[in-house]
Amino acid sequence: MPFATVHLVRHGDVHNPDQVLYGRISGYHLSELGHRMAADLGDWFEQQARITGRTPALLVSSSLQRAQETAAPIGNLLGLEVDTDDRFIEAANHFEGTSRVAGQLRHPQHWPFLVNPFRPSWGEPYRAQVARMADGIQDLRDRAVEVAGEGAEAIVVSHQLPIWVTRLAAEGRPLWHDPRRRQCTLTSVTSLHFERDRAVPSIEYREPNAALLANASNLPGA
């Protein structure tokens, strides 16, 4: 049994009819489908707790509305307060607030931000995202063990890109990637299982709302 597990949850579907890359912009809330996803995810965590006999000890979310709204039903069903920690916030992005980003790339004013896709030059560096996420995850893991002892679990509601690069780092893979190939769907659960004899956690990936994804928006990074 892992001495601790931290579940990284991506938020649910967002009301975004204009397909804006909303990033850290406030006011973007869950769609009707997103609220259903969040409710079903809460049910899923409650069922997992019954199966394993372990209820997560802590629940943390980024401050962004879509993450808070996703965390709320999980907290209600598990009897947990939702703490806020912006080490788990969405990545900063030069194109935040724009729609149809692919079309924006043709405009010369954006070209200086495209010179280094490996960093990336258009937003928060991948390594910086991994560093803040890892710092928050380690703190949360240790707090969960203090609260619930060996085998403790904690839940983080965060965002696609920070979760994905955290997984890439844990698996020893390059952080640069094609955004269309991220394995981090809406309300997916990327679980980091920490073992005492391993330097890095093992990864388990699940999609509790796989049946609902066909009707969800598909905007990489959102």
Q.
With the requirement that a residue be of a type outside the set (Gly, Ala, Ser) and either in contact with a Ser or Thr (Cβ under 8 Å, 6 or more places away or on another chain) or buried (at least 17 other Cβ atoms within 10 Å of the Cβ) (or both), what does the stretch 147-165 give you?
A. GLU153, ILE155, VAL156, VAL157, HIS159, GLN160, LEU161, PRO162, ILE163, TRP164, VAL165
Q: For the stretch 68-104, name all the residues that are within 30 Å of SER121 (Cβ to Cβ), more than 19 Å from the chain's Cα centre (by Cα) and in a loop (DSSP other than H, G, I, E, B).
A: HIS94, PHE95, GLY97, THR98, ARG100
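Can you tell me which residues in the stretch 49-67 are surrounded by 19 or more Cβ atoms within 10 Å (Cβ to Cβ) and in a helix (DSSP H, G or I)?
Within the stretch 49-67, the subset surrounded by 19 or more Cβ atoms within 10 Å (Cβ to Cβ) is 56-62, 64, 66-67.
Hits for the stretch 49-67 are ARG66, ALA67.
I want to confirm something. Restricting to the stretch 158-175 and keeping residues that are among the aliphatic types (A, V, I, L, M) and in a helix (DSSP H, G or I), which single residue is nearest to ARG24 (Cα to Cα)? First the steps, then the outcome.
Kept after step one, since they are among the aliphatic types (A, V, I, L, M), are these residues of the stretch 158-175: 161, 163, 165, 168-170, 175.
With in a helix (DSSP H, G or I) added as a condition, the list becomes 161, 163, 165, 168-170.
Numbers: LEU161: 12, ILE163: 15, VAL165: 17, LEU168: 22, ALA169: 23, ALA170: 25 Å.
It comes out as LEU161.
With respect to LEU140, is the statement that it is touching a Pro at 6+ places or on another chain (Cβ under 9 Å), part of a helix (DSSP H, G or I) and modelled with pLDDT of 95 or more true?
Spelling it out, it is not the case that LEU140 is touching a Pro at 6+ places or on another chain (Cβ under 9 Å), part of a helix (DSSP H, G or I) and modelled with pLDDT of 95 or more.
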(Q) Can you tell me which residue is nearest to ALA134 (Cα to Cα) among those in the stretch 178-194 that are modelled with pLDDT of 95 or more and not hydroxyl-bearing (Ser, Thr, Tyr)? (A) LEU192
Q.
Just to verify a result, which residue in the stretch 9-23, among those that are within 19 Å of ALA92 (Cβ to Cβ) and modelled with pLDDT of 95 or more, is surrounded by the fewest Cβ atoms within 10 Å (Cβ to Cβ)?
A. VAL14
Q) Which of (1) within 15 Å of the chain's Cα centre (by Cα); (2) closer than 25 Å to LEU30 by Cβ does ARG180 not meet, given it meets every other one? A) (1)
Q | Sole exception among (1) out of contact with any Pro (no Cβ under 7 Å at 6 or more places or on another chain); (2) surrounded by 23 or more Cβ atoms within 10 Å (Cβ to Cβ) for GLU32, by number | A | (2)
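Across the stretch 20-48, what is the number of residues that are assigned to a strand (DSSP E or B) and either basic (Lys, Arg) or touching a helix residue (DSSP H, G or I) at 6+ places or on another chain (Cβ under 6 Å) (or both)? I'd like the intermediate steps shown before the answer.
Looking only at the stretch 20-48, we keep the residues that are assigned to a strand (DSSP E or B), and these are 20, 30.
If we keep only those that are either basic (Lys, Arg) or touching a helix residue (DSSP H, G or I) at 6+ places or on another chain (Cβ under 6 Å) (or both) too, we end up with 30.
The number of residues fulfilling the criteria is 1.
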Q. Any residue at all in the stretch 54-66 that is in contact with a strand residue (DSSP E or B) (Cβ under 6 Å, 6 or more places away or on another chain), closer than 13 Å to VAL157 by Cα and free of Cβ contacts under 8 Å to residues at least 40 places away in the same chain?
A. yes
Q) Before we move on, is ARG36 touching a residue at least 12 places away in the same chain (Cβ under 8 Å) and among the basic types (Lys, Arg)? A) yes
Q) Conditions: (1) over 13 Å from the mean Cα position of the chain (by Cα); (2) under 16 Å from ASP83 (Cβ atoms); (3) not hydroxyl-bearing (Ser, Thr, Tyr). GLN48 meets all but one. Number of the miss? A) (2)
**Q.** Matching residues, the stretch 166-222, being charged (D, E, K, R), surrounded by fewer than 18 Cβ atoms within 10 Å (Cβ to Cβ) and without any contact (Cβ under 8 Å) to a residue 40 or more places away in the chain
**A.** GLU171, ARG173, ASP178, ARG181, ASP197, ARG198, GLU204, ARG206, GLU207
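The values are calculated or read from the model by the stated rules, or taken from the named source; none is laboratory data. Remember, predicted model here, so these are calculated numbers, not experimental data. For neighbour counting, all protein chains shown are included, and Cβ atoms are generated from backbone atoms with ideal geometry for every residue, glycine included.
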